[in-house]
1. With the condition kept exactly as written, say whether any residue in segment A:126-133 is of a type in the set (Phe, Trp, Tyr) and within 14 Å of chain B (Cβ to nearest Cβ).
2. Restricting attention to segment A:163-202, which residues are on the phi > 0 side of the Ramachandran plot and of a type in the set (S, T, N, Q)?
3. Kindly state which helices (runs of 4 or more DSSP H) lie completely within segment B:377-472 and contain at least 2 residues that are within 22 Å of B:Ile266 (Cα to Cα), at the interface with another protein chain (Cβ under 9 Å from one of its Cβ atoms) and aromatic (Phe, Trp, Tyr).
4. When residues of segment A:159-199 are filtered for being at the interface with chain B (Cβ under 7 Å from one of its Cβ atoms), more than 14 Å from the ligand (Cβ to nearest atom) and assigned to a loop (DSSP other than H, G, I, E, B), how many remain?
5. Only one of B:Val487, B:Val509, B:Val504, B:Val515 is in a helix (DSSP H, G or I) and under 25 Å from B:Gly428 (Cα atoms); which?
6. Report whether or not A:Gly208 is surrounded by fewer than 21 Cβ atoms within 10 Å (Cβ to Cβ), under 19 Å from the mean Cα position of the chain (by Cα) and more than 16 Å from the ligand (Cβ to nearest atom).
7. Checking A:Phe139 against (1) in a strand (DSSP E or B); (2) more than 16 Å from the ligand (Cβ to nearest atom); (3) within 19 Å of the chain's Cα centre (by Cα); (4) aromatic (Phe, Trp, Tyr), which test does it fail?
8. From B:Ala242, B:Ala216, B:Ala222, which residue is modelled with pLDDT under 95, in a helix (DSSP H, G or I) and of a type in the set (Gly, Ala, Ser)?
Amino acid sequence: MTRRIAAALIALLPTGAAHADWELNMREGVTAISREVYGLHMLIFWVCCAIAVFVFGWMIVALVLHRKSRGVEAAQFSHSTKAEIIWTLIPAVILVAMAVPAAKTMIAIEDDRNPDLTIKATAYQWKWQYEYLDEGVSFYSTLARTSNDARRTGSGIDPESVENYLLEVDNHVVVPVNAKVRVLLTSNDVLHAWWMPDFAIKKDAIPGYINQVWFRAEEPGIYRGQCAELCGQDHGFMPIVVEVLEQDAYDARLAAMKAEFGTDTPRLANND
Amino acid sequence: MTATTHNDADHADDHHDHGPELTGIKRWLFTTNHKDIGTMYLIFSLVMLFVGGAMALVIRTELGQPGMQFVQPDFYNQMVTMHALIMIFGAVMPAFVGLANWMIPLMVGAPDMALPRMNNWSFWILPVAFGILLATLFVPGGAPAGGWTMYPPLVLQTGDAFPMLIFAVHLMGISSIMGAINIIVTILNMRAPGMTLLKMPLFVWTWLITAYLLIAVMPVLAGAVTMLLTDQFFGTSFFRAAGGGDPVMFQHIFWFFGHPEVYIMILPAFGIISEIIPTFSRKPLFGYTSMVYATASIAFLSFIVWAHHMFTAGMPLTGQLFFMFTTMLIAVPTGVKVFNWAATMWKGAMTFETPMLFAVAFLFLFTIGGFSGLMLAIVPADFQYHDSYFVVAHFHYVLVPGAIFAIIAGVYYWLPKWTGHMYNETLGKAHFWLTTIFVNLTFFPMHFLGLAGMPRRIPDYSTQFADFNLVATVGAFGFGLSQLLFVWIIVQCARGGKKATAEVWENPVGLEWTVPSPAPHHTFDEPPVVK
Ligand SMILES: [Cu+2]
C-alpha cells in the first residue's frame, strides 16, 4: 500500500528527460494520439488509485480494529443484499465511464485516411527494411555497429560507454514533421512488432498480413523504439529509429536517400 | 443421484482392501489413495517450483546489468520459455490438483476420489511429461525458445526439441483432463448425505468450476499444438502463410485456451482464500452465494475475452471494442469477490497466523494485479503496455502473490491436518515477511520498466533501464532463497513438532476438521451426515 502511494506520488512529479534513469511513467510522446493515450493511461491509473484508497483503506481499518488481541467479539453477519448490489453496480458504472473515452481514442487511432507519406516496413530476423513507396527509396536498418560489438556475450565493452546502447541503427527512418505518415507492416519470416513509444504505436508484423499504423509527429527529433514480439535469438537487437525533420531538411535528406538507396532492389546496408 | 452415491460408496470399499500394504517405492507407484496422490502432486510441484525458479534466476542474473555477461541470447530465450511452461504446468496447476486431491474428499465427506486408479495415472504422467520437457535442454538445438505461447512461425524454428515439446504438452493436457474428470465426478457423486451443492465449501466450488474449464480448453490446446506438429512434419499449412495458412489463427486458438487457463490458475486460489479468511476472522464468509455466482461468471467471461492478448495483432475496430468491454466486465465479479473478503474480515476477531498473513497479502497484491489488468484492458493504452515489462509485472502479480501465495497459505493452513504436527509459527511468519518484501522488490519495479519502454523477453537492454532491473534481480534472489525456508518448515513439520488437534485452528468450519490430525489413511468409510 505505502509502496503504491509512494509510486503514485513520485509519478506526479514532473519528469525530467525522457531517458532519465529511474523513469517511472509512460512518456507523453509527440503526437496528438500519444497524448490522448497518455491521458487515458493516467485516467485509469487514478481511477485504480481511488478504488485502492477505498478498498485497501477499508481492509486496513479492519486489520487494525477488528483483531482478537483487542478483545473484540466477532460479529456473525454473513450477507447484505444491499451492499452486494452496491458493489456490483458502482464498479460497473465506473467501467462504462472508462470505456467511453477509450472507445473515442480507438476510433481516432483507426482513422487512417489521407496519409501524406506511406512507408512499408518489412521485418526480418533481425532487421527492418523500409520502403518509401512513392519515392522509390528502399533500405535496411540494422543495429548500429557500436552496440552490436558491445552486446556480444562477454564482449568486455561497457554498455554505458556506448551512445544509445541497443537503441541505434545504421539507417534511420526519416519523416517530415506534422505529416501524416502511414506505416504498412509485414514480415518476411516470423512475427515481429513495431513499437514506437513516443507515437504510442505498437503493431505486429506478420507474414502474409499487411498491418497498418499511422502517426503525425509534432516535434522534430530522433525517436527510438524496439521490436516487441519475440522473434528469435536477436529479438532484443533490432531497434527502430525514426528521425522527424522540418520539411526542408526532410526534402534534402530524401534527395540524399534517393541517391544512396534509390534502386529497384534494396541494397544491404550492412555487411550481412 | 442418491442411489449412485450409495453404489459408489460400496464400490469404493473395494479399493480399501486391507491386504498386505505395499512398501517402499511400490507404495507410491501403485497407490490409489487420494492422500498419497495429493502428497505426490504437492511434492512434485514444489520440486518444479525450484526448477522453474532456478531458470528465473538465470534470467534475472543476465538482466542484472546491461550487456550480455553470462549466457547467449538463444539460451536466454530457452530459459524464458521453459520457466513459463514449468511454472504454469509443473508448479501452479499440479499444486492446485494436489490440494484438491487431499482436501476435496475430506471436505465433501467422501472416502476417496471417485476414480482412484485414474488418479494414480494422472499423476504419474506428469513426471514423464516434465522429464521429456526438461530433456529438451540437452538435445541438438536446445530447449524450445519461442516462448510458452508457442507462436508460429517462430516455434517451427525449434530444433529437435520440437516434437518433444508437443508430446510433453499433450501429456500435461491428458493428465489435467483426467484430473478434472475425477474431481467433477467426486464432487457430483460422492458428497456426504446432506451436503447439497450450496453447502459445499468454496474451495470445492471453485475447483468444480475450474475442472469444467480444464475439460473445455485443454483439448483446444491439444488441437492447436497438433496442428503445429502437422505443419512441421506433414506438410500442412494451418499456420504457414506461404501455404495459405494463417499465423494469427494460432493465436486465436491458443488464447481461447489461454485465457480460461489464466482462471484455471486463479479460481482455486480464490477458493483457498475463501476458506482461510473466515477461519481467522472467526466469522462466516460474507456473501457465500454471490461468491459462487461470481466464480461462475468469471469462468463464463473467460471464454469471451481471449483476443485481449492480441490487440496488437490487428483486428477490426468492432472486435477491439468487443474484447475491451468483455475484459472490463470481468472486473465486476472479481471486485465482488474482493469486497466480500473485506466484508468477511470486517467486524471479525482476527488473528494473524501464517496462513492468514499470506491470505491478507493475497488480498492486497492480487488486487494490484487486478488494477494493472484493468489498465491493460484499455485498448489504446494497451498498445503501449502490450509485450512490455508492464505486462510481465501484471501477470506475475496475479500469479506469484496471487496464485502461489494462495497455495502457500493453503499449505500452512492444512499442513497440520496432513502431518499431525503444528509447523513452526515463528519461522512461518519469517517466511511470510521475507517472501512478501522480496516479491514486491522483484515485480513492482517491472511496472516502471514497462512504462519506460522496456520490451519483454529481451536478454539485454538499453542502459536507462539498468537501475530498476538491478532492484528486480536483487529481489528475485531474495525471493528464491526465502523459499528454502519454506522447504525447511515443511520438512520440520513432517518430522515432528507440537501435536495438532483435530480442529487445528479455533472453531474452523468444514468436515476436514472433524477427522483426526494427521488424517488417517482412510477417512469417511462411513459417510458423515451434514445437517
Ligand atoms: Cu523482431
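1. Yes: segment A:126-133 contains one or more residues that are of a type in the set (Phe, Trp, Tyr) and within 14 Å of chain B (Cβ to nearest Cβ).
2. A:Asn164, A:Asn178 - these are the residues of segment A:163-202 that are on the phi > 0 side of the Ramachandran plot and of a type in the set (S, T, N, Q).
3. By residue number, no helices (runs of 4 or more DSSP H) qualify.
4. Residues meeting the conditions: 2.
5. Unique residue meeting the criteria: B:Val487.
6. Spelling it out, it is not the case that A:Gly208 is surrounded by fewer than 21 Cβ atoms within 10 Å (Cβ to Cβ), under 19 Å from the mean Cα position of the chain (by Cα) and more than 16 Å from the ligand (Cβ to nearest atom).
7. (3)
8. After applying the criteria, what remains is B:Ala242.
The values are calculated or read from the model by the stated rules, or taken from the named source; none is laboratory data. The structure presented is a predicted model; accordingly, all values stated were derived computationally and were not measured. Please note: Cβ atoms are built from the backbone with ideal geometry, for glycine as well, and neighbour counts cover all protein chains shown.
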